[in-house]
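Peer 1: Have a look at this one.
Each reported figure results from applying straightforward, stated rules to the coordinates on display, with no laboratory input. From a predicted model like this one, the values you see are computed outputs, not experimental measurements. Neighbour counts are summed over all protein chains in view; Cβ atoms, including those assigned to glycine, are modelled from backbone coordinates with ideal geometry.
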Amino acid sequence: MHSPLILITETPDNFNAVFELNKIAFGQANEAMLVDALRRNSNVFIPELSIVALYKDAIVGHILFTKVWITDHQGNKYQSLSLAPMAVLPAYQNQGIGGQLINKGLSVAAALGHKSVIVLGHEHYYPKFGFKPANIWHIKAPFDVPSKNFMAIELVTNGLAQINGTVFYPPEFDAV
């Protein structure tokens, strides 16, 4: 890449390109439809946390963070964010675009006052950005998944202190 990569907040003009990007990157439309559905849910969608990567005026990557809740055994709810999905066009993968999207998203999320992020992902990739197994904080997934793949990061010191329980995703995730 000789031209600079530009990371900006997604706009409605980008929606179709982001849909196609997710469809191509994942080899199916499920994640693309998830992004569309999450955008329509004003209770979880945060426009500033839908970020696109532009290279030569084309969208080559996208990342989305939406609200999730961690509910403890007493029914107390604590807000966090979910990083999902993240996509980079196959021709642009393994060039650091995903990492730039993650770092930008974590930075914006922290600037907006969010305290933590949850991700279900590759156990060797996400720790590079500071993610650790969520079970360190006694936080678990609402579905069966290896603990090494269900991770969290504190965006502020002690952002997950005194928080434990099960993560509850918006219903839009049920369709994926």
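Peer 1: Through the Karplus equation 6.51 cos²θ - 1.76 cosθ + 1.60, θ set to phi - 60°, convert the phi angles of segment 35-48 into ³J(HN,Hα) values in whole Hz; use x for Gly and Pro.
Peer 2: Using θ = phi - 60°, the values come out as 4, 4, 5, 5, 4, 7, 9, 5, 6, 10, 7, 10, x, 5 Hz.
Peer 1: Here's another thing I want to ask about it. Within the set 115/140; 56/128; 56/132; 77/115; 23/77; 104/132, which residue pairs have Cα atoms separated by over 25 Å?
Peer 2: Exceeds cut-off: 56/128; 56/132; 23/77.
Peer 1: Against the 2.2 N^0.38 Å scaling, with N counting residues, where does segment 30-88 land? I'd like the Cα-based Rg ratio to two decimal places.
Peer 2: In units of the globular-protein estimate, segment 30-88 measures up at 1.34.
Peer 1: Scan segment 47-125 for trypsin sites (Lys or Arg not before Pro) in coil per DSSP, keeping those whose Cβ has at most 12 other Cβ atoms within 10 Å, and list them by number.
Peer 2: 56
Peer 1: Can you list the HN-Hα couplings for segment 159-176, worked out from phi with the Karplus curve (6.51, -1.76, 1.60; θ = phi - 60°), rounded to whole Hz and with x for Gly and Pro?
Peer 2: x, 10, 4, 6, 10, 7, x, 10, 7, 10, 8, x, x, 4, 5, 5, 7, 8
Peer 1: Taking amide H positions as placed 1.01 Å from N in the peptide plane, with prolines and chain starts having none, which residues 5 or more places from residue 139, or on another chain, fall under 5 Å of its amide H?
Peer 2: 165
Peer 1: What are the semi-axes of the equivalent ellipsoid of the chain, taken as the square roots of 5 times the eigenvalues of the Cα gyration tensor, listed largest first and rounded to whole Å?
Peer 2: Ellipsoid half-lengths, sorted descending, are 27, 17, 15 Å.
Peer 1: Continuing with this model, one more query. Please give me the summed charge of the neighbours of residue 112: other residues whose Cβ is under 14 Å from its Cβ, Lys and Arg +1, Asp and Glu -1.
Peer 2: Value of the local net charge: +2.
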